[in-house]
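In what follows, a single structure is set out as structure tokens and then discussed.
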Ligand code: NOJ
């Protein structure tokens, strides 16, 4: 089924639904238990069937895989585990043939310690690449230069015995930070972007983009006043001098200028700091990201009133006229189906596609994939080993995609790199494609509704009072009003309606063409989209 674009004059990154793929876990083609590009190529028809307008691929560049591809040792080659550059080109072509855009994850903040730039940089203090990374002498009393902590545990400074200085790493010690204050680094990275733009990628998701620049004075971070025994140790200090620095904003603008050398490309940014900081990453007078990623739906308590407040805060935190974006899952966050349960996962899906702005979801969310249970001892994610005991292991959400109910779920013929997890029999693509009331069918219908209904893309967002656990809002264009009512509770609800309406879609997928008069009845965990019938209609 080819979905008609909602409005061809609106930029693609506003119209489309974006699907994040973690290539290691999507489809294996060679039996090594790890997903790859040819595997992904064999699934492009599924993506077209689902109706997504863009895929965001987690990194596929050459990497020693200490952080599963977020530690890059060659920015302009594909890791052999995933395939070749030719495979990549074929994949981009196949996706483009199906009108699906390609967004590649790029990692500008740090490289692998195996990258030739770092190998040179650490070879001698006089090497021309020395200043490409962040080197510093020991602090006044010996030891690290200051109190900065790695997000993955311990000091963010690693001693280099040969050259007798410390280097800075915001993440793993095998992920040294590039020195973005150095114009040579910025120019080299601009060439990396151009390399992929010439290979026809439509945009980038910029990893860890908020932490590109560090305070040149290396000032100590202040204590985190909310720190207690339950807070993971890396959060002991507030990241004032290493996060969202003013220089970072201008470096992002430089990246955006590079992207704009090519037509119709977009920049998505992973930005930290929650809603309070998100506005900084938007188009102001000086353009920054097209889509600064917003994780509110994953980080909020799941109650109608809290959701309504969070949505309101976010919409007010971004500049007037800025384009919102919502995320329902990622390779770094516990799965939504496990957080909320399957019934509310349907509500979450309806919310995602009905809110104003670009919806992003994570491969497997559409079939309700749960977190896979992986013990601490079996964890592959370095985060778990380095900061144990805080539930930070990200393996559960990285378990392989399930394509069918066979032993290896159609993911591989070999041993999957992570266990498949539970409920494979019913939570797999083939089973749900054959079930017209499945979660997968709901996702497909929601995507299609958003694609075909201009009020859902460019229409106004009108919040309504959300009471007794029902989240209520409208999306309106000049000639259409859609009322969205989402029951976040496990018991039925009745809401008074001001005008009659026609039911367009419900989360259970079992009510159709129903006319709703003055009362709207919602079963437990039910969400509906209603077209309001105005008197002239
Ligand atoms: C954010 C990525 O999403 C995460 O997976 C990674 O570990 C860090 N950045 C470091 O690159």
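Each reported figure results from applying straightforward, stated rules to the coordinates on display, with no laboratory input. This structure is a prediction, so every number in the text was calculated from the model and none was measured. Methodologically, a virtual Cβ is constructed for each residue, glycine included, from the backbone with ideal geometry; neighbour enumeration extends over all protein chains shown.
Going from the residue with the fewest nearby Cβ atoms within 10 Å to the one with the most, 511, 346 rank 511, 346.
Each semi-axis of the equivalent ellipsoid for region 132-253 is √(5λ) with λ an eigenvalue of the Cα gyration tensor; in descending order they amount to 28, 18, 13 Å. Would region 355-416 count as rounded, prolate or oblate if I go by the C-alpha gyration tensor, calling it rounded below 1.5 in a/c and otherwise prolate when a/b exceeds b/c, oblate otherwise? Here region 355-416 falls in the oblate category. The mean sequence distance of close C-alpha pairs (under 8 Å, at least 6 residues apart), as a share of the length of the chain, puts its relative contact order at 13 percent. Compute the whole-percent fraction of alpha carbon pairs in region 426-537 spaced more than 17 Å apart. Value for region 426-537: 56 percent of Cα pairs lie more than 17 Å apart. Between helix 183-198 and the chain there is an angle of about 40 degrees, using the helix long axis and the longest principal axis of the Cα atoms. Distance from the alpha carbon centroid of region 434-459 to that of region 243-269 works out to 32 angstrom. Dividing the summed helix terms, -39500 (n - 2.57) for each DSSP H run of n ≥ 4, by the number of residues in the chain produces a 222 nm estimate of -7000 deg cm²/dmol to the nearest 500. Of all DSSP-defined beta bridges confined to the chain, some 60% are antiparallel rather than parallel. Roughly how tilted is helix 85-97, in degrees to the nearest 10 and between 0 and 90, from the longest Cα axis of the chain? The helix 85-97 is inclined about 20 degrees to the chain.
How many angstrom lie between the Cα centre of region 116-171 and the Cα centre of region 306-325? Each part reduced to its Cα centre gives a spacing of 39 Å. By definition, a body whose alpha carbon gyration tensor gives a ≥ b ≥ c is oblate when a/c is 1.5 or more and a/b is not larger than b/c, and region 378-446 fits this oblate description. The alpha carbons of the chain occupy a box of 77, 49, 48 Å along the principal axes, longest dimension given first.
Output the 0 to 90 degree angle, nearest 10, between the alpha-carbon long axis of helix 246-259 and the longest principal axis computed from the alpha carbons of the chain. The angle comes out near 70 degrees. Residues 49, 13, 196 in ascending order of nearby Cβ atoms (within 10 Å, fewest first): 49, 196, 13.
The shape of region 177-235 comes out oblate: with a ≥ b ≥ c from the C-alpha gyration tensor, a/c is at least 1.5 while a/b does not beat b/c. Ordering 476, 16, 495 from the fewest to the most neighbouring beta carbons within 10 Å gives 476, 495, 16.
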